[in-house]
Each structure stands twice: as C-alpha cells, then as structure tokens.
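Structure record follows, encoded as structure tokens.
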C-alpha cells in the first residue's frame with residue numbers, strides 16, 4: 001500500500017509539473033533587445049528606440065516645445081523632427097497633446113523640468129499608450145528612449161541583443177492603454 005500511495009503521489013506531482021510547464025511555455029514572455037525598431041502612432045513613423053532600464057520615464061525627441069491653455073486645460077505644442085527609418089523622409093509635423101504631468105529631472109547640469117504627454121508607440125505587434133517626456137534629443141543617437149514604465153509592459157529585456165522584434169501593428173493590433181497605477185512605481 002505504501003509503495004502504491006507514493007507512486008500515485010509521484011505520478012500526480014509529475015502530471016502537475018508537466019501541466020504547469022506546458023502552461024508556462026504557452027505564456028512565454030516576448031523578449032526585446034536593448035535597441036528595437038518601433039513606430040510612433042498614428043503616423044507610423046519608423047524610429048530606433050533604446051530600451052533603457054536606467055530611466056523610469058520614456059523620452060521622445062521634440063522641438064519648439066511650448067505650454068499653452070486650451071479649453072481651460074494645460075496642453076503642450078511641440079514639433080517632432082524624426083527621420084523615418086523606412087522611407088528616409090523627415091517627419092516634422094507640429095503636434096498638440098494634453099499635458100499629462102511635469103517631470104523633474106536631476107542631473108549633473110542641475111534640475112530640468114520637462115512636459116510629459118501620452119502617446120502611442122508600436123513595438124512588436126502591440127500598440128502601447130505610454131508617458132513620454134519631451135526634450136530635444138538631437139545630440140542623442142536614439143530619438144526614442146523607452147524607460148522602465150514602458151519596458152514593464154513589454155516582456156523581457158535582453159541587454160545582449162538588438163532588433164529582436166519588428167513593429168507590425170495593423171488595424172487589429174492589441175492596444176494597451178496607459179495605466180495610471182504606473183505612477184506608483
């Protein structure tokens with residue numbers, strides 16, 4: 001009886017382990033490299049994005065940044081000056097977005113205040129509505145920096161690899177809206 005009982009327990013444990021393993025394999029997270037191709041939506045501007053776990057908030061190259069009031073609310077007007085990696089054309093439209101919040105950045109040069117807006121970015125086959133601090137990133141290699149708030153929605157980050165996912169967001173792409181709970185992290 002003892003051997004039969006242990007055999008049943010062992011078989012049950014093995015079956016449970018196999019079921020969990022199959023379930024985990026089916027839900028394996030997507031892996032991104034430290035540099036990925038992305039598109040800024042809804043325009044579909046193809047850019048290179050640096051995934052930077054050292055930054056909390058994502059950052060987007062923006063010029064001529066100006067705060068203004070619209071219908072009693074604070075808004076931001078800015079110009080994107082991005083070279084589309086696919087076509088080689090420069091996208092330099094003026095954009096207006098509601099001001100989501102102000103970001104205080106402290107660095108070697110002192111304290112800097114930056115406006116933050118919500119915008120959509122396509123990575124892999126998903127569109128993410130994320131917070132982007134606006135600043136002139138002309139001196140930077142990558143016009144788009146994705147910080148931990150965004151990276152936490154993506155999957156895993158492999159810092160040894162680049163360009164592991166291609167942006168493929170069509171009409172039926174999954175859309176992940178901004179989660180205000182992210183403010184706590």
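Observations on the structure shown:
- When residues in the range 153-166 are screened for being within 19 Å of residue 43 (Cβ to Cβ) and either in a strand (DSSP E or B) or within 12 Å of the chain's Cα centre (by Cα) (or both), 0 of them pass.
- When each of 46, 104, 108 is tested for being in contact (Cβ under 8 Å) with a residue 60 or more places away in the chain and farther than 20 Å from residue 177 by Cα, the lone residue that passes is 46.
- Search result, residues across the range 162-172 that are farther than 13 Å from residue 49 by Cα, surrounded by fewer than 16 Cβ atoms within 10 Å (Cβ to Cβ) and touching a residue at least 12 places away in the same chain (Cβ under 8 Å): 168
- In the range 54-67, residue nearest to residue 157 (Cα to Cα) [restricted to those that are in contact (Cβ under 8 Å) with a residue 24 or more places away in the chain and part of a strand (DSSP E or B)]: 58
- Residue within the range 131-141 that is touching a helix residue (DSSP H, G or I) at 6+ places or on another chain (Cβ under 7 Å), farther than 16 Å from residue 47 by Cα and surrounded by 15 or more Cβ atoms within 10 Å (Cβ to Cβ) present: yes
- Subset of the range 77-114 (residues that are within 21 Å of the chain's Cα centre (by Cα), surrounded by 12 or more Cβ atoms within 10 Å (Cβ to Cβ) and over 18 Å from residue 41 (Cβ atoms)): 99, 101, 102, 103, 105, 114
A short reminder: the numbers here are calculations on the coordinates, not readings from a lab. All figures in this text were calculated on a predicted structure; none of them were measured in a lab. Glycine gets a Cβ as well: all are built from the backbone with ideal geometry, and neighbour counts include every protein chain shown.
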